[in-house]
Amino acid sequence: MCLDITRPAVAFISACVFAMASATLAPAQQTAPPQGGVVSASLCGDAYLFALESASNIAAVSWQVDQPVSAAPDWARHLPRAWPDAERLFALDPGLVVFGAGEGGRASAMLERSGYQTFELAWVEGFDGVRANLLALGLALGRDAAAIDAVRELNDRQAELRLRSERRGVVPSVAYLSASGGSAGVGTYVDAAITAAGGRNSVAQSGVIGWGRSDPELALTLQADIILTSYFSDGFAGTLSRATRHAAYRRLLDSADRVDIASADWPCAGPRLIDAAEAIADALDEWAQRS
């Protein structure tokens, strides 16, 4: 199985762990957990830690935990904050620091030279990558069994989505629009969620590969049964929120079949990507019942 992971070192570890564990999902021998609390310096790292680690072992979470894009439980919002900054991380004296993809950099190198353990998630664009990250981080945490359980649950929920798609009997077209006016084509985790839900990605069919930038011309001509939006009311406000102001996007935003997906479900391809896929499947079911 080919995994879409861009960080070579982590990709190698993740792919190997996934290959060994996913064949049977047999219980693995627990490795020794890191001594001291676990710290996440990334929003994506938060999501993976919440899926795998017990609350008592999480010493700090990312500085983004109070943002609308975070799905952190209430107890986590009272924890100390962490940034991908070596000086601040040293002050937390962590047992393990979890970085988001590409975020470790100098901070990770400085921590490791001082004897601290670090782990950097791989950037992934689908459910296979989520599984690989879960298993690799589970290994680093000494939470192998928890990671295997998380993968089992993900597999079960995807299987249920396939059954729902079969029962639905139709494949509605779906188009995604973010607050920036961007879209998601082939090879994105939004496309993976749409497909898992049983939909057909209209943006991908229009020829968009990867993450599409703001394109008013595409917005004027795009046709879909369901318009997915995200980050409009619960994202980061800023000058890049072009779709909230540009008239070309109004037709899509005013669609009766517009469905907003919680931004906290997919700030990255993480354990909650399946929640986004299930929300899309709910919208597909409702559309099919009306049609």
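The values are calculated or read from the model by the stated rules, or taken from the named source; none is laboratory data. The model shown is predicted, which means the values in this text are computed figures rather than measured ones. FYI the Cβ positions are ideal-geometry reconstructions off the backbone, even for glycines, and counts take in every protein chain you see. What goes into the accessible areas is simple: the full protein's heavy atoms, side chains included, and nothing from ligands, DNA or RNA. Shrake-Rupley method; radii C 1.70, N 1.55, O 1.52, S 1.80 Å.
Share of carbon and sulfur in the accessible area of the range 62-134 stands at 48%, probe radius 1.4 Å.
For the range 167-184, backbone phi angles converted through the Karplus equation (6.51, -1.76, 1.60; θ = phi - 60°) give residue-by-residue couplings of 5, 5, x, 10, 10, x, 7, 9, 10, 9, 9, 9, 4, 6, x, x, 9, 9 Hz, Gly and Pro being listed as x. The phi torsions of the range 216-221, fed into the Karplus equation with coefficients 6.51, -1.76 and 1.60 and a -60° offset, translate into couplings of x, 5, 5, 4, 6, 10 Hz, rounded to whole numbers, with Gly and Pro shown as x.
Residues whose amide H lies under 5 Å from that of Ser40, counting only those 5 or more places away or on a different chain, are Ala60, Val61, Ser62, Val98; hydrogens are built 1.01 Å from N in the peptide plane. Heavy atoms of the protein chains alone define the surface here; on that basis the range 104-213 has 40 Å² accessible area per residue at 1.4 Å probe size. Over the C-alpha atoms of the range 76-187, the Rg to Rh ratio, Rh being the Kirkwood estimate, stands at 1.09. Distances between placed amide hydrogens fall under 5 Å for Asn201 paired with Val174, all partners being 5 or more residues away or on another chain. Other residues within the sphere of radius under 11 Å centred on the Cβ of Val190, judged by their own Cβ, net out at -3 (K and R +1, D and E -1).
Relative to its residue count, the range 143-185 spans a Cα convex hull of 117 Å³ per residue. Shown in residue order for the range 70-76 are the 3J(HN,Hα) couplings computed by the Karplus curve 6.51 cos²θ - 1.76 cosθ + 1.60 at θ = phi - 60°: 9, 9, 5, x, 4, 4, 6 Hz (x for Gly and Pro). Hey, can you grab everything whose amide H is under 5 Å from the amide H of Leu177? Only 5+ residues off in sequence or another chain; H modelled, so Pro and N-termini drop out. Close amide H contacts, sequence-distant or interchain: Leu228, Thr229, Ser230.
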